[in-house]
There are 2 protein chains.
Amino acid sequence: MDPIVTIVAILVLAKAFGELLERIGYPPMIGEIGAGIILGPGILGLVTLNDTLEIFSTIGVIALLFISGVEMNPKAFAAARNAAAVTAAAGVIVPFATGFAGGRLLGFTFIEQLFLATVLSITSIGVAVRTLIDLRRLNTLVGTTIVGAAVVDDIIGIVLLGILSSIALTGGVEAATLATTIALSLFFIAFAFTGGKRLVSWIFVRSRRMKTHEMPYAVAIIIALATAAAAHALGLHYAVGAFIAGLILGPRIRNDRSLFDGILDFGFGFFVTFFFASIGLLFVPAPATLISPLVALLFVLAIASKTAGGYLGSIHYLGDHLRAITVGFGISARGEIALVVAQTSLAAGIITRSIYSAVVVMVIATILLAPLLMKWGFRVHEKREEPATGGRPSAGTR
Amino acid sequence: MDPIVTIVAILVLAKAFGELLERIGYPPMIGEIGAGIILGPGILGLVTLNDTLEIFSTIGVIALLFISGVEMNPKAFAAARNAAAVTAAAGVIVPFATGFAGGRLLGFTFIEQLFLATVLSITSIGVAVRTLIDLRRLNTLVGTTIVGAAVVDDIIGIVLLGILSSIALTGGVEAATLATTIALSLFFIAFAFTGGKRLVSWIFVRSRRMKTHEMPYAVAIIIALATAAAAHALGLHYAVGAFIAGLILGPRIRNDRSLFDGILDFGFGFFVTFFFASIGLLFVPAPATLISPLVALLFVLAIASKTAGGYLGSIHYLGDHLRAITVGFGISARGEIALVVAQTSLAAGIITRSIYSAVVVMVIATILLAPLLMKWGFRVHEKREEPATGGRPSAGTR
């Protein structure tokens, strides 16, 4: 198929389904994932995830996290810092322990237990952020806690991944390698908010004085992509770098409505769609897998463990049970990192095909359920509260 | 290299060189091509033209022609219709005859003569349009004549390509196949301006009533890509379909400044850059080729024949020697189609490697010279005229 036709098919179906879902009150993201499932090898078999679609998808998640960084109120984010760190920690420890123990009950081998524990521990930043933007709750206390926890979670996740692949390959863990990974990640973040911030601001301010009309737009995209690539080179996910770039450039971009609209269009009107459609393309639903007790058990463990972890981590800071549970819902979706871990583990012979399939179905199911749980949590909570202390729905910019 | 790093490297170097060229008074496009040459296999060898970059480049030329269709004043374009058709015809016949005769003088075989004639006949729509947009002369009489001639030229070029490949493969031409190609092209254009126009307008108007905020932007891009893919499926270049889609949607998009700005950013701030950088990536300068007498001869024949053809075709309609010569300059750049013809002909064993290399250098040289000749033509002409009858510099929107 002509690659342009593939791109058109994905855009048309994803946008149509997204619109449909939005009209009946569900997050449009679910429609975009559904478009991927239908076009993908599981159903119509018209589209497979090739290099180009993977790059579109990567640019999509970079654009998504960059935009959420730009939209995020830095003061609100700084205020949620402690809540986010503790929530991330609890939101990893509980699912990790659950996965390890659950694997034992299921008769998994040690390395399979470790795999399950890792897969259950890593939140999908993309799904969490997109849902908050769609629900216009990004800049609420719950929203900033969720995003912060998802970002910190990614850093912990990278360490877990390192342990998993090290044990799988060599049977043991090299402390020096792990320490290097952690040190590089922390160095990246420390540099981003000091020298990196000054450098990026200097470049961006100069881009406005150029003769090329589209220069600020191009430079904003270049900064987002470059920071994401730098994060990736150090072992973090592209999304973490893009989010930090958005936070840094936020004040300069938010005030330029025309530029920000252009970047929103670049993301939500084009690239972001490919990120969610790609998640659907990875999904090959086999009826036997869909109804297996293993899937049902994993799914319940996945949702329950992150919700419990998120609740335990945030209740001290938020002081409200329903809000804390909503934070837990917000970090429940597992995403592309879990799918990649599952694929590499299958390829490395760490896990069986049936465990792989069950994990893929579990991941997609959490992506489909988490936004609905979040929506429910915000709605019930805001109904109970005085309007003045509600979810600040005006904070979302879209 | 991480594909995101490749994308960043191309964007940074192309935008920097584009800005530099613009500041010293040359078309930024030349800087973008130069960035491709430097990053490409000829010099640094950091980037090669892979599938993904080719798709970026294709979306770039689609965006470029879509934008030029949107910017084009339909009445001005309709007024230039006859001038464009005759210019296209003369602008193909003269270079074709020149190529055929020139090949004979050079001792080429019959099929090599036919190859040279074909390569000299096909104007680069992308280069012509980009130069007119950069010079803000798209909606002048000269500008509309150039664009119209380049579009019609592509249709004639497709027929020539069919003849060339048919003779190369089978030793003869099948009249039925050629007639089908021509009939399909004409049918596509006729349908585009009747049923296609109604369908596309219906869809676009409805996109504004959707709940999804970015829907008009996404739908405009979908229509551009889909029309381009339809043209390509019928044997035309993507660019022809994209230009027609732009003409059809023009009135609806031009009046929505925010939407049009978003699409300009999508094109000139991102994808179009990859189209021109890709031209540079195809160029591997070998010192021996650069200074060969064959290259020099081909280059002179290429510029002289298209300029003469363009002049002869348009002088009757424009009534002014300098304007008619500027039209000739405007259709002098050969582009990606000529490069593709050269590659497929080399692969098919129709031409020798030395002819191939000479043609590639000739194509790049016309791309570099034509914009400078056009700029000179517009400037001298406008200096001579009263300001009121000048080039309507406000017509360009950028």
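The values are calculated or read from the model by the stated rules, or taken from the named source; none is laboratory data. No experiment lies behind these values; they were computed from the predicted model shown. FYI the Cβ positions are ideal-geometry reconstructions off the backbone, even for glycines, and counts take in every protein chain you see.
Is there any pair linking a residue in the range A:44-65 that is free of Cβ contacts under 8 Å to residues at least 40 places away in the same chain to one that is surrounded by fewer than 22 Cβ atoms within 10 Å (Cβ to Cβ) and part of a helix (DSSP H, G or I), with Cβ under 7 Å and at least six apart or on different chains, and which?
These pairs meet every condition: A:L44/A:I38; A:D51/B:D51; A:D51/B:T52; A:I55/B:P3; A:I55/B:T52.
Take B:V300 and decide whether it is under 24 Å from B:G18 (Cβ atoms) and either within 13 Å of another protein chain (Cβ to nearest Cβ) or surrounded by fewer than 17 Cβ atoms within 10 Å (Cβ to Cβ) (or both).
So B:V300 does not fit the description; no.
Give the residue, chosen from B:A229, B:A220, B:A176, that is under 19 Å from the mean Cα position of the chain (by Cα), assigned to a helix (DSSP H, G or I) and either over 21 Å from B:N73 (Cα atoms) or not hydroxyl-bearing (S, T, Y) (or both).
Working: B:A220 fails: under 19 Å from the mean Cα position of the chain (by Cα); B:A176 fails: under 19 Å from the mean Cα position of the chain (by Cα).
Result: B:A229 is the single residue among B:A229, B:A220, B:A176 that is under 19 Å from the mean Cα position of the chain (by Cα), assigned to a helix (DSSP H, G or I) and either over 21 Å from B:N73 (Cα atoms) or not hydroxyl-bearing (S, T, Y) (or both).
For B:A226, indicate whether it is in contact with a helix residue (DSSP H, G or I) (Cβ under 7 Å, 6 or more places away or on another chain), among the hydrophobic types (A, V, I, L, M, F, W, C), more than 10 Å from every other protein chain (Cβ to nearest Cβ) and closer than 19 Å to B:L65 by Cα.
On the way: in contact with a helix residue (DSSP H, G or I) (Cβ under 7 Å, 6 or more places away or on another chain): yes; among the hydrophobic types (A, V, I, L, M, F, W, C): yes; more than 10 Å from every other protein chain (Cβ to nearest Cβ): no; closer than 19 Å to B:L65 by Cα: yes.
Taking the combined requirement at face value, the residue does not satisfy it.
Restricting to the range A:304-320, count the residues that are touching a Phe, Trp or Tyr at 6+ places or on another chain (Cβ under 8 Å) and surrounded by fewer than 24 Cβ atoms within 10 Å (Cβ to Cβ).
Result for the range A:304-320: 0.
Considering each of B:I189, B:I182, B:I279 in turn, give the residue that is of a type outside the set (G, A, S), away from chain A (no Cβ under 14 Å), under 19 Å from the mean Cα position of the chain (by Cα) and farther than 29 Å from B:V5 by Cβ. First the steps, then the outcome.
Working: B:I182 fails: under 19 Å from the mean Cα position of the chain (by Cα); B:I279 fails: farther than 29 Å from B:V5 by Cβ.
Selected residue: B:I189, the only one of B:I189, B:I182, B:I279 that is of a type outside the set (G, A, S), away from chain A (no Cβ under 14 Å), under 19 Å from the mean Cα position of the chain (by Cα) and farther than 29 Å from B:V5 by Cβ.
For the range A:158-207, what are the residues that are more than 27 Å from A:L114 (Cβ to Cβ), of a type in the set (A, V, I, L, M, F, W, C) and crowded, with 17+ Cβ neighbours inside 10 Å?
A:A192, A:V200, A:F204
Spot the failing condition for A:F274; the list is (1) more than 24 Å from A:L44 (Cβ to Cβ); (2) within 14 Å of chain B (Cβ to nearest Cβ), and only one is missed.
Every condition holds for A:F274 apart from (1).
Of the conditions (1) more than 14 Å from every other protein chain (Cβ to nearest Cβ); (2) touching a residue at least 40 places away in the same chain (Cβ under 8 Å); (3) not basic (K, R), B:A78 clears all except one; give me its number.
Of the numbered conditions (1) more than 14 Å from every other protein chain (Cβ to nearest Cβ); (2) touching a residue at least 40 places away in the same chain (Cβ under 8 Å); (3) not basic (K, R), the odd one out for B:A78 is (2).
Within the range B:289-321, which residues are among the aliphatic types (A, V, I, L, M) and without any contact (Cβ under 8 Å) to a residue 24 or more places away in the chain?
Here is the first cut: in the range B:289-321, the ones among the aliphatic types (A, V, I, L, M) are B:290-291, B:294-298, B:300-304, B:308, B:312, B:315, B:318.
Selection gives B:I291, B:A296, B:V300, B:I315.
Among the residues of the range B:49-70, write down those that are in contact with a Leu (Cβ under 9 Å, 6 or more places away or on another chain), crowded, with 24+ Cβ neighbours inside 10 Å and more than 12 Å from chain A (Cβ to nearest Cβ).
Within the range B:49-70, B:F66, B:S68, B:G69, B:V70 meet the criteria.
If A:H232 satisfies all but one of (1) buried (at least 22 other Cβ atoms within 10 Å of the Cβ); (2) within 8 Å of chain B (Cβ to nearest Cβ), what's the number of the condition it fails?
(1)
Only one of B:V119, B:V94, B:V147, B:V127 is under 13 Å from B:S332 (Cα atoms), in contact with a helix residue (DSSP H, G or I) (Cβ under 8 Å, 6 or more places away or on another chain) and surrounded by fewer than 24 Cβ atoms within 10 Å (Cβ to Cβ). Can you tell me which? Even if it seems obvious, please write down each step before you answer.
Details: B:V119 fails: surrounded by fewer than 24 Cβ atoms within 10 Å (Cβ to Cβ); B:V147 fails: surrounded by fewer than 24 Cβ atoms within 10 Å (Cβ to Cβ); B:V127 fails: surrounded by fewer than 24 Cβ atoms within 10 Å (Cβ to Cβ).
Unique residue meeting the criteria: B:V94.
Quick one: how many residues across the range B:205-219 are more than 9 Å from chain A (Cβ to nearest Cβ) and in contact (Cβ under 8 Å) with a residue 24 or more places away in the chain?
1
Across the range B:38-85, what is the total count of residues that are assigned to a loop (DSSP other than H, G, I, E, B) and either farther than 23 Å from B:A218 by Cα or among the polar types (S, T, N, Q) (or both)? Write out each step before concluding.
If we filter the range B:38-85 for residues that are assigned to a loop (DSSP other than H, G, I, E, B), which is where we start, we get B:40-50, B:72-73, B:80.
Applying the additional criterion that residues be either farther than 23 Å from B:A218 by Cα or among the polar types (S, T, N, Q) (or both) yields B:40-50, B:73, B:80.
Count: 13.
How many residues does the range B:5-47 contain that are more than 18 Å from A:M215 (Cβ to Cβ) and within 10 Å of chain A (Cβ to nearest Cβ)? Show your work before the answer.
Taking the range B:5-47 as the starting set, the residues that turn out to be more than 18 Å from A:M215 (Cβ to Cβ) are B:5-6, B:33, B:36-47.
Checking which are within 10 Å of chain A (Cβ to nearest Cβ) leaves us with B:5-6.
Result for the range B:5-47: 2.
Within the group A:G328, A:G269, which residue is small (G, A, S) and either in contact (Cβ under 8 Å) with a residue 24 or more places away in the chain or more than 14 Å from chain B (Cβ to nearest Cβ) (or both)?
A:G328
Please work out which residue is nearest to B:G69 (Cα to Cα), limiting yourself to the range B:175-203 and to residues that are at pLDDT below 85 and of a type in the set (S, T, N, Q).
B:S185
What helices (runs of 4 or more DSSP H) lie completely within the range B:270-356 and have 3 or more residues being farther than 30 Å from B:I55 by Cβ and modelled with pLDDT of 95 or more? Please lay out each step first, then the result.
Numbers: elements: B:272-281, B:287-290, B:293-318, B:321-330, B:336-347.
Correct list: B:293-318, B:321-330.
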